[in-house]
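The structure appears right after this line, and notes come after that.
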Amino acid sequence: MKQLFKITCLSTMLIAFSCTDLEDDLEDSFTEDQQFSNNGVSLGGGGGGGALLAPFSRLRAGTAGNTGFFATNTVTGDDVAVTQKGGDWFDGGIWIQLHRHTYGSTHDRINELWNDGYAGIGECNTSLAGSLNANQTAQIRALRAYFYWRLMDGFGRVKIITSPGQDAPQSSRQDVFNFIESELLDVLGIPAVTASLNLSGSDLNTDISNYRINQYAALGILAKLYLNAEVYTGTPRWEEAQWAAEYILDNSPYQLCADGCSVPNQAKRPSVASDPETLEGYAAVFAPNNENNPEIIWAAEYDETGAGGMNFNVMTLHGPSQLTWGLDVQPWNGFVVLEEFYNSFEDDDLRKEANFLQGPQTDFNGDPLLDYAADDGELVIDYKPNINELEPNAWRDGGVRMKKFSFALFQRQDMNNDYPIVRLGDVHLIRAEAMARAQGDWSMALSDVNALRDRAGLGALSSLDEDGFLAERGKEMFQESSRRIDLIRFGKYEDTWWEKTDSDPAKRIFPIPQAQIDASNGTLTQNPGY
């Protein structure tokens, strides 16, 4: 059973700053590859090309930006909101509706969730209709199953389309669940997930490539499916979730990124001594140079040149923050962290520093960052946990900001950070929860939870209950598009939190977009409650 591993980089990068031509020096230094040692196994990244390029590229749409999957699964939770600041970020009320759970069938972000899913499925079907080898076919089928998981999780009843140009009737959520499960089991070469798995018959391999699906990534998708099976079908599948996660933890070469697992801090300002030289442990997993991180099993590849779509920097930062890191565009000042969620972190939790940008802000030289249009009487931008209101006139610098996917000097609107879809930290939590629920004993989750707390610099817990586990999961998985899904599974989605009182259980499933119903010639019907 794997616990917490400490690893070191194969090489140390020395970054020299020059008074002249600073940007060129930094960019040259930051292009060097970072490799991690993993018991002799090289964890090299690289997206590759060929027949798999188009389908896997579709992952970027909506995964790590202010649209589609990220928006609908994040702003609906109890940790993040998009506040309306006068005329900014009203956008027809779509962000307020997501936060307050008053969304309907004409919501743009919900329609994007649908379109992004089927666009990915379409690319998969086109590739499968071509000439692929067995491994490529298995990867594309697993990827298509993942796209269907997103759709089934969000909408419940969708169409199962498996070839280009095909139409199909609307399937029940149970039937979509069965399809996803059967596809993943088939590419893994097994009839079922058991405590003693033998994957020797799988067309998937065990090669380490963060942007492609190997056996461990496919098991990770299955583990997510089984973890939420009771929500999707009414029948729990805790043991299968535990066994799938357990196999990854016991057999894969992946390791938790902990002490000694570090990368150069690409946001280090040469004149600001308080900026760390490196990002280590948890912070390194989500850095702009995280492409070879040993904790990431499968990720959506993002790059500022040619693989855009991740724009957390402009989504969350205040406009003048452009002067902090020399960004090439002015940020939009939208996404903020809810005060209660921020305050739930212990002060010595390393994830608190990694996840959030808080307090008075400074420019590139470390001088106070000013907002001459300030609405609170203070020119210095100060990201305070308190937010005065959701709308219509939220403070311009109210709310701590998202920083988990950290920034870089001279960054473009499109960021370089890869976005983990399956990572070992989440696998630990899946095993922990599934085992605890299967045995009716939350103390069974302590080992995995404490491994993550140890990585975060915290002491071990001696006891745990369901609410405590959800809190621990929220701290570890912040900004990874899991909060809505987790709140539903824990029966908390109808709870009241800041500026949100809706308790309608119908909102656990999004409405089928009206635009899709109108275009379906009667083959799509609306979900109950809309």
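What the table shows:
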| read-out | value |
| --- | --- |
| When residues of the stretch 104-142 are limited to those that are under 23 Å from Gly92 (Cβ atoms) and of a type in the set (Ser, Thr, Tyr), the one surrounded by the most Cβ atoms within 10 Å (Cβ to Cβ) | Ser105 |
| Selected residue (criterion: nearest to Met315 (Cα to Cα)) from residues of the stretch 353-369 that are in a loop (DSSP other than H, G, I, E, B) and in contact (Cβ under 8 Å) with a residue 60 or more places away in the chain | Phe364 |
| Residue, nearest to Gly189 (Cα to Cα), within the stretch 235-261, restricted to residues that are crowded, with 24+ Cβ neighbours inside 10 Å and either small (Gly, Ala, Ser) or modelled with pLDDT under 95 (or both) | Ala244 |
| Options Ala373, Ala394: the member that is closer than 14 Å to Asn333 by Cβ, buried (at least 17 other Cβ atoms within 10 Å of the Cβ), of a type in the set (Gly, Ala, Ser) and more than 26 Å from the chain's Cα centre (by Cα) | Ala394 |
| Answer from Tyr148, Tyr118 - the residue that is assigned to a helix (DSSP H, G or I), aromatic (Phe, Trp, Tyr), touching a helix residue (DSSP H, G or I) at 6+ places or on another chain (Cβ under 6 Å) and over 24 Å from Thr501 (Cα atoms) | Tyr148 |
| Ala471 being surrounded by fewer than 20 Cβ atoms within 10 Å (Cβ to Cβ), in contact (Cβ under 8 Å) with a residue 60 or more places away in the chain and under 18 Å from Glu246 (Cβ atoms) | no |
| In the stretch 403-422, residue surrounded by the fewest Cβ atoms within 10 Å (Cβ to Cβ) [restricted to those that are more than 10 Å from the chain's Cα centre (by Cα) and aliphatic (A, V, I, L, M)] | Leu409 |
| Residue within the stretch 316-327 that is without any contact (Cβ under 8 Å) to a residue 24 or more places away in the chain and outside any strand (DSSP E or B) present | yes |
| Out of Phe70, Phe147, Phe179, sole residue that is closer than 30 Å to Pro331 by Cβ, at pLDDT 95 or above and of a type outside the set (Gly, Ala, Ser) | Phe70 |
| Condition broken by Glu280, with the remaining ones in (1) surrounded by 18 or more Cβ atoms within 10 Å (Cβ to Cβ); (2) closer than 29 Å to Leu53 by Cα; (3) out of contact with any helix residue (DSSP H, G or I) (no Cβ under 6 Å at 6 or more places or on another chain) satisfied | (2) |
| Residues of the stretch 52-103 satisfying the condition of being hydroxyl-bearing (Ser, Thr, Tyr), outside any loop (DSSP other than H, G, I, E, B) and surrounded by 20 or more Cβ atoms within 10 Å (Cβ to Cβ) | Thr72, Thr74 |
| Residue in the stretch 166-183 that is surrounded by 16 or more Cβ atoms within 10 Å (Cβ to Cβ) and touching a strand residue (DSSP E or B) at 6+ places or on another chain (Cβ under 8 Å) present | yes |
| Close pairs from the stretch 402-419: first on the phi > 0 side of the Ramachandran plot, partner charged (D, E, K, R), Cβ under 8 Å, at least 6 apart | Phe410/Glu23; Phe410/Glu27; Phe410/Asp328 |
| One residue from Thr162, Thr137 being among the β-branched types (Val, Ile, Thr) and not in a helix (DSSP H, G or I) | Thr162 |
| Residue that is more than 24 Å from the chain's Cα centre (by Cα) and of a type outside the set (Asp, Glu), where the choices are Gly425, Gly529, Gly491 | Gly529 |
| Test: residue in the stretch 358-381 that is within 30 Å of Arg453 (Cα to Cα), in contact with a helix residue (DSSP H, G or I) (Cβ under 9 Å, 6 or more places away or on another chain), modelled with pLDDT of 95 or more and among the small types (Gly, Ala, Ser) | no |
| Given (1) farther than 18 Å from Lys268 by Cα; (2) in contact with a strand residue (DSSP E or B) (Cβ under 8 Å, 6 or more places away or on another chain), number of the condition Asp348 does not satisfy | (2) |
| Residue check for Asp347: assigned to a loop (DSSP other than H, G, I, E, B), of a type in the set (Asp, Glu) and surrounded by fewer than 14 Cβ atoms within 10 Å (Cβ to Cβ) | yes |
| Residues being closer than 14 Å to His318 by Cα and part of a loop (DSSP other than H, G, I, E, B) - total across the stretch 370-387 | 7 |
| Selection count where residues are in a loop (DSSP other than H, G, I, E, B) and of a type in the set (D, E, K, R), scope the stretch 199-234 | 3 |
| Count of the stretch 404-458 residues which are of a type in the set (Phe, Trp, Tyr) and over 30 Å from Leu317 (Cα atoms) | 1 |
| Scope the stretch 393-431; condition farther than 19 Å from Gln266 by Cα and of a type in the set (A, V, I, L, M); matching residues | Ala394, Val400, Ile421, Val422, Leu424, Val427, Leu429, Ile430 |
| The listed residue being part of a strand (DSSP E or B), within 18 Å of Asp250 (Cα to Cα) and of a type outside the set (Asp, Glu), out of Val422, Val427, Val449 | Val422 |
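Matching residues to (1) on the phi < 0 side of the Ramachandran plot; (2) of a type in the set (A, V, I, L, M); (3) under 20 Å from the mean Cα position of the chain (by Cα):
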| residue | (1), (2), (3) |
| --- | --- |
| Leu197 | yes, yes, no |
| Ser200 | yes, no, no |
| Ile221 | yes, yes, yes |
| Lys224 | yes, no, yes |
| Thr233 | yes, no, no |
| Glu239 | yes, no, no |
| Tyr254 | yes, no, yes |
| Gly260 | no, no, no |
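Residues are listed down the side, and each one gets a yes or a no for (1) touching a Ser or Thr at 6+ places or on another chain (Cβ under 6 Å); (2) more than 24 Å from Ile248 (Cα to Cα); (3) acidic (Asp, Glu); (4) not in a helix (DSSP H, G or I):
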| residue | (1), (2), (3), (4) |
| --- | --- |
| Leu461 | no, yes, no, yes |
| Phe469 | no, no, no, no |
| Gln479 | no, no, no, yes |
| Asp486 | no, no, yes, no |
| Gly491 | no, yes, no, yes |
| Asp495 | no, yes, yes, yes |
| Ile512 | no, yes, no, yes |
| Gln516 | no, yes, no, no |
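The values are calculated or read from the model by the stated rules, or taken from the named source; none is laboratory data. Model, not experiment: these values are computed from the prediction. In this analysis, Cβ positions are derived from the backbone assuming ideal geometry, glycine residues included, and neighbour counts consider all displayed protein chains.
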